Amino acid sequence: MTYPQQQPPIWQQYPVAPPKKAPNTALIAGIAAAALVVTGGAIAVTVAITTSGSATADNAPGGSAPEVDPDPFSAQAGDCISADEDAGSNGKFSASAVRVHCSDSTANYSVMAQLSSGSGSDCASVPGYEYGNPVVYDFESGQSRELCLMPKG
């Protein structure tokens with residue numbers, strides 16, 4: 001029997017907390033291992049794709065740009081030429097002309113057009129060509145060719 005001023009027993013006053021559930025470490029370790037495998041695979045695929053294109057036969061060792069034919073008459077519109085600006089005569093200027101990569105620090109001219117001089121056309125007929133821009137003439141091959149150049153800016 002309980003009296004009105006009497007408190008309930010201690011086990012009823014303070015209920016016992018339910019037991020803690022142990023963490024599922026095996027599940028956590030499995031998820032971490034799967035994430036590691038997926039990440040490692042993605043990195044390996046990315047490296048394989050990136051390096052497969054840089055080892056072609058066209059490229060020089062070290063992944064630099066492919067070599068270009070130094071003959072200035074192998075150049076097309078948009079290619080670059082390096083030539084001695086202080087050569088004086090047109091023959092010396094034409095002899096000093098060499099085709100180079102446009103990223104080359106010696107590239108000082110851009111090819112606007114390559115014309116056959118025997119056809120009667122000259123650089124003045126090329127759109128955008130300004131009178132006074134240099135022209136490279138083919139004195140060596142015996143063909144009547146000329147390159148219309150524009151200073152690279």
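Roughly how many Å² of R99 are accessible to a 1.4 Å probe, to the nearest 10? Answer for R99: close to 50 Å² accessible. Take E85: with every protein chain present and a 1.4 Å probe, its accessible area is about 120 Å².
The modelled label-to-label distance for the pair S125/T50, using points 7 Å beyond Cα in the direction of Cβ, is 5.1 nm. Accessible surface for K92 stands near 130 Å², nearest 10, in the context of the full protein assembly shown (1.4 Å probe).
The values are calculated or read from the model by the stated rules, or taken from the named source; none is laboratory data. Predicted model, so just to flag it, every value in this text is computed and none were measured. Don't worry about glycine lacking a Cβ; one is built from the backbone with ideal geometry, like all the others, and counts go over all protein chains shown. When the accessible area is computed, the model is the full protein with side chains, heavy atoms only, and any ligands, DNA or RNA have been set aside. Shrake-Rupley method; radii C 1.70, N 1.55, O 1.52, S 1.80 Å.
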